[in-house]
């Protein structure tokens, strides 16, 4: 065993106007994962600086490009880093748990998978609202049919990727549709995937920022219109 | 028999083609060529219609539309929507290019900062 799992992992955190919480989120995650790259997606507040103070490397988009682009930039940056074997996409608003991330990397390190995707619906820890459950389930059904990839949670931002997965996954969709795009990329590249139950904390803060159900319409049209 | 059958078929066909265009990824060169051909056609039709208005009328009667002005209106709607679709597509394309550019910039900036003074931990 050369280095510990956490030291071989890069956390990729897309960041957009989260200056209230990001420092705390990063500092907390740094207790476990020493390498964190925050991709500041053209925030108009002090997010980038806060992330730096939390201890992350910050890559800054000159203009707002959307979360999909931020993820891809983060992956590209982390891939150039020495000793980076695992890549975890992690939200900047404190919804994700560091323990879940570590568990996913541990699973990935067995070497028989390319990507581990978090799911809210494999156990009962997460409590989203009723409408959200219905919309998310419908999205999942639809994606299963379209991509042939069987996942129970279509839009979970917590994922652990191997080098291979980090290299091959293309993200063209700038806006929220990137989550669906990642799923279809798993299918297209025939990546070996598995889901793991994760716990999302719906705090008042994350709820106030969370995407509205209407966004599923936008996601659908983004995916189909060229 | 429906006297407007032909114009209906024609218009529906055009909109089906538009819908397909929206979903299929187009190649740049072909798309540009189609755009230009369409533009030339619009000019040609406009000039002919101005010079020989009665031609428009008989064409309208041929496809089952009462007046030439009505046909002109239908044609305008088609051209307008086609133009919107084509512009939207170009817009998306440009958005993708801007994204690539900005991401490349962000990464090169980051690697410059890194080789500078940042302490690694």
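The values are calculated or read from the model by the stated rules, or taken from the named source; none is laboratory data. A quick note: this is a predicted structure, and the numbers were derived from the prediction, not measured. No Cβ is skipped: glycine too gets one built from the backbone with ideal geometry, and neighbour counts run over all protein chains shown.
Does residue B:37 fit the bill of being more than 17 Å from residue B:79 (Cβ to Cβ) and over 11 Å from the mean Cα position of the chain (by Cα)?
Judged against the criteria, residue B:37 is not a match.
When the range A:152-199 is examined, which residues are found to be part of a loop (DSSP other than H, G, I, E, B), over 15 Å from the mean Cα position of the chain (by Cα), within 18 Å of residue A:68 (Cβ to Cβ) and at pLDDT 80 or above?
A:189, A:191 - these are the residues of the range A:152-199 that are part of a loop (DSSP other than H, G, I, E, B), over 15 Å from the mean Cα position of the chain (by Cα), within 18 Å of residue A:68 (Cβ to Cβ) and at pLDDT 80 or above.
Mind listing whichever residues of the range B:7-33 are more than 14 Å from chain A (Cβ to nearest Cβ) and modelled with pLDDT under 85?
Within the range B:7-33, B:29, B:32, B:33 qualify.
Could you name every one of the strands (runs of 3 or more DSSP E) located completely within the range A:49-147 that has at least 3 residues being more than 14 Å from chain B (Cβ to nearest Cβ) and touching a helix residue (DSSP H, G or I) at 6+ places or on another chain (Cβ under 9 Å)?
In the range A:49-147, the matching strands (runs of 3 or more DSSP E) lie at A:86-89, A:115-119.
Yes or no, residue by residue, for (1) crowded, with 23+ Cβ neighbours inside 10 Å; (2) at pLDDT 90 or above; (3) over 17 Å from residue A:157 (Cα atoms):
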position: A:23; (1), (2), (3): no, yes, yes
position: A:28; (1), (2), (3): no, yes, yes
position: A:34; (1), (2), (3): no, yes, yes
position: A:41; (1), (2), (3): yes, yes, no
position: A:51; (1), (2), (3): yes, yes, yes
position: A:72; (1), (2), (3): yes, yes, no
position: A:79; (1), (2), (3): no, yes, yes
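Look through the range B:101-112, keep the residues that are surrounded by 14 or more Cβ atoms within 10 Å (Cβ to Cβ) and either within 18 Å of the chain's Cα centre (by Cα) or at pLDDT below 90 (or both), and return whichever of them is farthest from residue B:35 (Cα to Cα).
Filtering first and then ranking leaves B:110.
So which residues in the range A:29-48 are more than 13 Å from chain B (Cβ to nearest Cβ) and within 13 Å of residue A:102 (Cβ to Cβ)?
Once the filter is applied, which keeps residues that are more than 13 Å from chain B (Cβ to nearest Cβ) and within 13 Å of residue A:102 (Cβ to Cβ), the range A:29-48 yields A:29, A:32.
Looking at the structure I just gave you, is residue B:36 under 30 Å from residue A:72 (Cβ atoms) and part of a helix (DSSP H, G or I)?
So residue B:36 fails the test.
For residue B:62, only one of the following conditions fails: (1) assigned to a helix (DSSP H, G or I); (2) touching a residue at least 40 places away in the same chain (Cβ under 8 Å); (3) surrounded by 15 or more Cβ atoms within 10 Å (Cβ to Cβ). What is its number?
Tallying (1) assigned to a helix (DSSP H, G or I); (2) touching a residue at least 40 places away in the same chain (Cβ under 8 Å); (3) surrounded by 15 or more Cβ atoms within 10 Å (Cβ to Cβ), residue B:62 fails exactly one: (3).
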